[in-house]
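The values are calculated or read from the model by the stated rules, or taken from the named source; none is laboratory data. What you see is a predicted model, and the numbers here were worked out from it, not measured in a lab. Every residue, glycine among them, receives a Cβ derived from its backbone with ideal geometry; neighbour counts consider all protein chains shown.
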Amino acid sequence: MDMGTLMKQAQQFQERLNQMQDELGAKTVTGSAGGGMVTVTVNGRGELLSLSLERGVVNPDDVQLLQDLILSAVNDGLLKAKKLGQGELGKLTGGMHIPGLF
C-alpha cells in the first residue's frame, strides 16, 4: 500500500468520524437517580441538555441529598452517552479500540 492510498484512507476515516460526531449530537440518552426523582438528558457528545427535578426531592433542609441525586443522575447520563459513543465508534472502526477517541 502506498502512502497516497494510506493518506486517502485516513482522510475518509476522519470524514466518517466527523459525521458520526455530528450524528451523536442529535442522539440523546436519559440518566436518572432517586427512582426517577432526578432525570437528565445528555446527548451523544456528553453535553447536558436538560435537568428535571420532581417537586418532592426539593427539600431546603436536605440540600446535600439533592446535590447527591443530581450528581448521580448526571453521571448516569454521561456514562450512557459514553457507551452510545463507543458503540457508534465500534461500528466505524470494526470493533477495534483506538485510545483517545472515546
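Taken together, the residues in the range 44-59 that are assigned to a strand (DSSP E or B) and either over 19 Å from the mean Cα position of the chain (by Cα) or surrounded by 18 or more Cβ atoms within 10 Å (Cβ to Cβ) (or both) amount to 1. In this structure, Leu71 does not qualify as assigned to a helix (DSSP H, G or I) and buried (at least 16 other Cβ atoms within 10 Å of the Cβ). Could you grab me the full set of residues in the range 14-43 that are assigned to a loop (DSSP other than H, G, I, E, B) and within 12 Å of Leu84 (Cβ to Cβ)? Selection gives Lys27 alone. Scanning the range 84-102 for residues that are surrounded by 13 or more Cβ atoms within 10 Å (Cβ to Cβ) and either charged (D, E, K, R) or modelled with pLDDT of 95 or more (or both) turns up just one, Glu88. Beta carbons closer than 7 Å, at least 6 apart along the sequence or on distinct chains, never pair a first residue in the range 69-87 that is of a type in the set (Asp, Glu) with a second that is part of a helix (DSSP H, G or I) and loosely packed, with under 14 Cβ neighbours inside 10 Å.
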